[in-house]
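The values are calculated or read from the model by the stated rules, or taken from the named source; none is laboratory data. Fair warning: this is a prediction, and the values are worked out from it, not measured in the lab. Every residue, glycine as well, gets a Cβ built from its backbone with ideal geometry; the counts of neighbours run over all protein chains shown. In case anyone asks, the SASA skips ligands and DNA or RNA and just uses the protein heavy atoms, side chains included. Shrake-Rupley method; radii C 1.70, N 1.55, O 1.52, S 1.80 Å.
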Amino acid sequence: MKKKLFTHTKTPLNFLSVFKTAIYALILLITQSLATIIMCARSIWPDFEYEQIIANANINTSNIDLLNFSPEIKYYIIGGIILYLLLINLCSNRAMLKLSGIFVLAFIWQLRIIPYYYYKNTHTDLYEKYYQVPEISATDFPTQKRNLLLIYLESMEANFQDKELYEKNLIPQLSALAKNSQHIENYHKLYGTNYTKAALVAGLCGIPYIPPTTKLESIHNHLKNLTCISDILNNNGYETWFAKSADHKFAYTDLFYKSHGYRNIIDGSTLTQNLTKQEIAQNKSSYGGLSDKLLFSHILNLFQTQQIQEPFLFTMFTVDTHVPGTVLPYNCKKIFGNVRDNILCSDKVVTDFINEFKQTPYWENTSIVILGDHPMFKPLSVHSDKDYKRTIYNVFLNLPNKLKINPKKAYTALDLAPSYLEILGINLPNQSFGLGRSIFSDTPSLITHKDYNIKTAVRQKSQVYQDFSKTTIPQFYPYELGAEINNNNIKTYTQYSETVLNYIFINNLGLKLSSSPTKDLEMELTLNAMLSSDPCLTIKLNTEVLDEIELEKKSGPQTIKVILPKERISTPDLNLEFINNNFRSAVSQSINIQKLVIKEIQ
């Protein structure tokens, strides 16, 4: 009998084996995707920290073309897909599991979660030793109060003037402005100061910006007890303005400036009030903002028509040069086909504004500071082997005669805060404010402290810093049981409120009863809330959780009833807190109360 050279046996399909392989392949897909995303993010923003993710948790990605955000993204996507297909074809189940573990470790390491938790669990005495906020009263101001105009230029670096690096001086007019005016060269990046929101806090308050934890209720009160320049000026007769065409809710910037003395706000809705849809589309700019030309034109008109009262503090932020710079405003020339065009355009728009402002009656009594809010997250591609230093562009215009800058003195963004006060002629003991030391003084910046590593200390836990966000003592307002609280009268009973489309959102009510209740109380509440995927409303009574209520996933008002046990009410004061678990913005953490009635249970 002849033997068969090949035999064919039909192996039954092992469902369990196939299922296990599919699970391992899915785990590999998820972990490799995370590793690919973090590696891509690290290539775009080499210096980003885990805290910045917390700070920017409410970013509106609908305004960002992610595929065009940076050229690297599409290569990472394509490379990730090819690598995944190779791995699932070449690797066993065990190998896929090991690779998944490696990808998870790479993700954690590159996300810098480990340093974050290390610093959050180590303490510093930096603030106890060096934090200074002197008591500034009306007598510390000069008789003739001076105006201050702060112009923060998005990602503007001083080296952009080097034509050897970029084939052209990208800021010819700004560099000429700096050459003929006072400026600083020795800038040092410092944690908590190197992105837009952080630059705002550092410059106004003299401390780094450390984002709040993910406990949602903390966002409302974050840094609320901090004393900033805008608070001091607002309390001493200054008219305060904040202007930015990009989203003010990004990184909760709106919450910060509203709780620190800014009273006049210019945003995208202000700029587009009288524009057609076509004109709005024409003025589109980077990062979901509107063109700097539109912003500067609006502000210049306010000055030319003398609609701004003196003395004033005017703070503004540009956006055209925000990476990736793929949106070129209509008024800009296309030369390079990348963000260098935006920088060239910004150079002209800013200096044109300065030249026009000099013709207004405000110029003589106004000092102007123009500076980059931070270096670009990723260095621009250079066209030379030349070594260069990355530092922010800055220039100080129309300073009082007695103020002289040592351009070689080392400084950080923290040192701007006392410098701004000195520009205004305010009597500042020790020429210090917060952790900042004035650039006009001989006192060294803390960045050069020989016995103290400020770069480490600003990341560590500090009780003083925590106290900046400590819950303030609530105020209580007279309330009669059975009375109705609604959208029309709710401001009578709360310290914090936010109005959106005529609906008032709140997160706290302070009610003072005529006497301590002798019976349990019932609260009937009809509310509107912005809903997340798993909506839940936490209600606190006198800082302790009273109830957690699952909300219905539907739009429109919802009515709930909650018992307030008399054992939980030891005084006539009822501090009620309402915390919506939606974390996309400050408003969505609050609720709109259409009707609230508290009465005794008979």
Report the FRET efficiency, 1/(1 + (r/R0)^6), for residue 114 and residue 448, where r is their Cβ-Cβ distance and R0 is 45 Å, rounded to 0.05.
0.95
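So between residue 532 and residue 82, what do we pick up on full extension, going 0.36 nm a residue minus the alpha carbon distance? Could the numbers behind the result be given before it?
Details: separation 450, 0.36 × 450 = 162.00 nm, distance 3.52 nm.
Extending this stretch completely gives an extra 158.5 nm.
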Obtain the nm distance between the two label points defined at residue 92 and residue 333 by a simple spin-label model: each point lies 7 Å from its Cα along the Cα-to-C-beta direction.
6.6 nm
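Given a Förster distance of 22 Å, report the FRET efficiency between residue 164 and residue 185 from their Cβ-Cβ distance, rounded to the nearest 0.05.
0.80
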Could you pull out every one of the lysines with an alpha carbon less than 19 Å from that of residue 409, ignoring same-chain neighbours closer than 8 positions?
179, 189, 389, 450, 455
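In Å², what does the accessible area per residue of the chain work out to with a 1.4 Å probe? Present the calculation step by step, with values, prior to reporting the outcome.
Details: 29510 Å² over 602 residues.
Per-residue value: 49 Å².
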Give me the one-decimal nm value for the distance between modelled label points at residue 269 and residue 360, 7 Å along each residue's Cα-to-Cβ direction.
2.4 nm
If you average the sequence gap of Cα pairs under 8 Å that are 6 or more apart and divide by the length of segment 471-602, what percent do you get for the contact order?
37 percent
Does segment 466-507 classify as rounded, prolate or oblate by the C-alpha gyration tensor (a ≥ b ≥ c root eigenvalues; a/c under 1.5 gives rounded; else a/b over b/c gives prolate, otherwise oblate)?
oblate
Centroid-to-centroid separation of segment 359-383 and segment 103-131 [C-alpha atoms, Å]:
32 Å
Cysteines having no other Cys beta carbon under 4.7 Å from their own, within the chain
40, 91, 536
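Filter the GluC sites (Glu not before Pro) in segment 464-549 down to the DSSP loop ones having no more than 13 other Cβ atoms within 10 Å, then list what survives. It would help to have the intermediate numbers written out before the result.
Details: sites: 480, 484, 498, 522, 524, 544, 548; in loops: 480.
Passing sites in segment 464-549 are 480.
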Of the listed pairs 284/333; 163/378; 293/404; 512/561, which have alpha-carbon separations greater than 22 Å here?
293/404
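Rounded, prolate or oblate, given the Cα gyration tensor of segment 324-393, with a/c below 1.5 counting as rounded? It would help to have the intermediate numbers written out before the result.
Values: a/c = 2.86, a/b = 1.59, b/c = 1.80.
Cα axes put segment 324-393 in the oblate bin.
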Expected unfolding gain across residue 139-residue 488 under the 0.36 nm per residue rule, minus the alpha-carbon gap, is 121.5 nm
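Could you tell me the relative contact order of the chain? Use alpha-carbon pairs under 8 Å, at least six residues apart, and round to a whole percent.
Values: 1092 pairs, mean separation 107.4, N = 602.
18 percent.
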Span-like helix ranges in the chain, DSSP H, alpha carbon extent 20 angstrom or more, Kyte mean at least -0.5:
15-44, 72-90, 93-111, 339-357
Any chance you could check the Cα centroid distance between segment 223-246 and segment 483-562 for me, in angstrom?
30 Å
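Per the helix-only calculation at 222 nm, which mean residue ellipticity applies to the chain, given -39500 (n - 2.57) for every DSSP H run of n ≥ 4 and division by its residues, nearest 500 deg cm²/dmol? Provide the component values of the computation, followed by the final result.
On the way: 21 runs with 192 residues, N = 602.
My calculation for the chain gives -9000 deg cm²/dmol from helical runs alone.
Is the C-alpha gyration tensor of the chain telling us rounded, prolate or oblate? Criteria: a/c under 1.5 is rounded; beyond that, a/b larger than b/c is prolate, otherwise oblate. Could you put the intermediate results ahead of the total?
Details: a/c = 1.78, a/b = 1.08, b/c = 1.64.
Oblate shape, in that a/c is at least 1.5 and b/c is the bigger or equal ratio.
With r as the distance between the Cβ atoms of residue 542 and residue 499 and R0 = 30 Å, compute the FRET efficiency 1/(1 + (r/R0)^6) and round to 0.05. Walk me through the numbers on the way to the answer.
Details: r = 27 Å, r/R0 = 0.90.
Efficiency, rounded to the nearest 0.05: 0.65.
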